[in-house]
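Notes to accompany the following structure.
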Amino acid sequence: MESILFLIFAAFALGCGLMTVANPFSRSPVASALFLVLTMVWLAGLFVLLHAYFIAAVQILVYAGAVMVLFLFVIMLLDLREEELRTWNRFGVAAGVFSVVALLGVTALTILRSVPAAGAAPQLEGSTHALGAMLFRQYLLPFEGVSIVLLVAMIGVILLSKRESK
Amino acid sequence: MDWQFLAFSLVKIIAAFAVVMTMVAYSVLVERKVSAFIQDRLGPNRTQPFFAKYIPGLGPLLTRWGVFQPIADGLKAFLKEDFTPAHVRKVYFWLAPAIAMVPSLLTVAVIPFGSMMGAQKMVIADLDVGILYTFGIVSLGVYGIVLAGYAANSKYPFLGGIRSTAQMISYEISMGLSVIPIFLLVGSLNLGDVVQHQTGGWFAWHIFRQPLGFFIFLIAAFAETNRLPFDLPEADQELVGGYHTEYSSIKFALFFMAEYAAMIAVSGMMVTLFFGGWTLPFLGLDQPAATLGMGLLHILVFLGKVCCFLLLIIWVRWMLPRFRYDQLMDLGWRRFIPLALLNIVVTAGVLALLASK
């Protein structure tokens, strides 16, 4: 049962991901954004299969519900015609290939290094106590690091929008 | 996967769906009757099927109360011409009403609408992350409206869609922050545990422990369901009808029903989080039911509380004027979010003090 569901969810996640970047029917950015939302939803399904309900819910709440809504918001306010006509640009392709290869490399390294079935998976289901304890004890430094990155991004946005208004 | 679980879940889903849809139909009637009462009119009092006048006494009475009106409204919505303007983006135009409707129905899945019936818990999905699930689904609700605005491909719906995106994102934050103190108190995200925590006397209800949280949640609920005083996405006088200007027939009815289903869902959330869910603090009604009758009574208590909130939401619509858009944003970002954060810090501080004693 679970492996069948995994196959379904994974296939749909990959399919929607593909439609996000290479949609044969339309080049509208809105369609891409919506397929990205669907990808997020299928990914949440994969998290549920891993019994990580909290992460699944947060995935929907943060990515599908908030981040992608803002994406759509910005896409709609931009000039869509211009976006649809845009052709390949060398720098964009290079940056895309580089980031995909880098991400694949990091993921592959992690998978290769991990020892299969080394102890039970961390218990993320049930109450959020376990998750909180892990975040604030074991992984406190990376957690705080991420929050500093977010803070920097926030300050950057405020700075940019302030400069714009002058 | 055991079949009993599947069968009972299916029964609960169908029953909850039927009850919600009936409540949607009749809350439209209540809306019209309440508005009529407030504006010193009579409201719908003519619709009657041919047999009604042969029922002595009761028939004319039901007609005067407009009991048959929702049936006629529903029939009309189905039978009217479904007109698709030429300039719309077809795929999104078809998708949007469905996407608007589904999230409001999905929210109902985690709300415990009763205690026990036999050995069955009266909640469709007893999730440990219940509240996060709800907020996740509620945050998806905005897509229906955004897509409707985009699909219509004309300026007023588009403005309505853009307004609603900004409004719903803003108020989601204060809504989410306002319930965190509840979960600090309860120590669990499961809505069943939240109800259990509110048993034992009136003052166990979270409304008395977190009045500020409730206040913020209530106002954010008005904004999230696009009801007056925050109905800017569909403000008739400025945007014609906002995001659903180009829609007709059953597609329009779906937006309309989605609004009422969202009202029911949000009322259910308020009842569960702040007003003790299916419990009442007397006659032993705050313990899980042992008999079928008690189980049924709990469901009725829950529905009664939900109806009170629906009435409140409807009443407010006909009493208050609409906010201006900058006032709406100012209220959301500069008043409610700081207040909600303060509420979290104070609650956490008090709990830490109590724990250290």
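Every number in this text was worked out from the coordinates using simple rules, so none of it is lab data. The shown structure was predicted, so the numbers you read here are calculated from the model rather than taken from an experiment. Cβ atoms come from the backbone with ideal geometry, glycine included; neighbour counts cover every protein chain shown.
Numbers below:
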| quantity | calculated |
| --- | --- |
| Under 18 Å from the B:Thr47 label point (7 Å along Cα→beta-carbon), backbone N, the range B:74-100 | B:74-81 |
| Inter-site label distance for B:Lys76 and B:Gln4 at 7 Å from Cα along Cβ, in nm | 4.9 nm |
| Rel. contact order, % - alpha carbon contacts under 8 angstrom, at least six apart, the range B:80-356 | 28 percent |
| Rounded FRET efficiency, nearest 0.05, which uses the C-beta distance separating A:Val115 from B:Arg335 and R0 of 51 Å | 0.45 |
| Shielding of A:65-73 by partner chains, average beta-carbon count, 10 Å | 6 |
| Hits among lysines - C-alpha to C-alpha of B:Lys90 under 18 Å, sequence gap 8 or more where chains match | B:Lys155, B:Lys251 |
| Residue of B:Pro112, B:Pro44, B:Pro60 that the Gaussian network model of chain B assigns the largest fluctuation, springs spanning Cα pairs under 10 Å | B:Pro60 |
| Residue-by-residue Karplus 3J(HN,Hα) for the range B:51-60, coefficients 6.51, -1.76, 1.60, Hz, glycine and proline x | 7, 4, 6, 8, 7, x, x, 5, x, x |
| Relative contact order of the range B:214-337, pairs being alpha-carbon contacts under 8 Å that are 6 or more residues apart, as % | 31 percent |
| Sequence of A:Tyr53, B:Tyr26, B:Tyr260 once ranked by neighbouring C-beta atoms within 10 Å, starting from the fewest | B:Tyr26, A:Tyr53, B:Tyr260 |
| Distant-in-sequence amide H partners of B:Ala289 (H built 1.01 Å from N, under 5 Å) | B:Ser115, B:Met116 |
| Estimated FRET transfer efficiency when R0 is 56 angstrom, pair A:Leu104-B:Leu342 (beta carbons, to 0.05) | 0.80 |
| Peptide B:127-136, shielding by other chains (average Cβ, 10 Å cutoff) | 6 |
| Zero-based 20 Å bins, Cα pair distances in chain B, whole percents | 27, 57, 16, 0 |
| Spacing of the two label points (7 Å from each Cα toward its C-beta) at B:Leu292 and A:Phe25, in nm | 4.9 nm |
| Listed residues B:Ala289, B:Ala265, B:Ala221, most fluctuating in chain B (Gaussian network, C-alpha, under 10 Å) | B:Ala289 |
| Highest to lowest packing among B:248-257, B:72-81, scored as the average C-beta count within 10 Å | B:248-257, B:72-81 |
| 18 Å Cα-Cα reach of B:Lys12 towards lysines, excluding residues that sit fewer than 8 places from it in its own chain | B:Lys121 |
| Packing rank of A:99-107, B:202-210, where each peptide gets the mean count of other beta carbons within 10 Å, highest leading | B:202-210, A:99-107 |
| Calculated FRET efficiency for the pair A:Leu141/A:Lys162, C-beta based, R₀ 45 Å, to 0.05 | 0.90 |
| Dimensions in Å of the range B:62-197 - Rg and Dmax from alpha carbons | 19.6, 55 |
| Virtual spin-label span in nm between B:Phe83 and A:Ile155, 7 Å along Cα→Cβ | 5.7 nm |
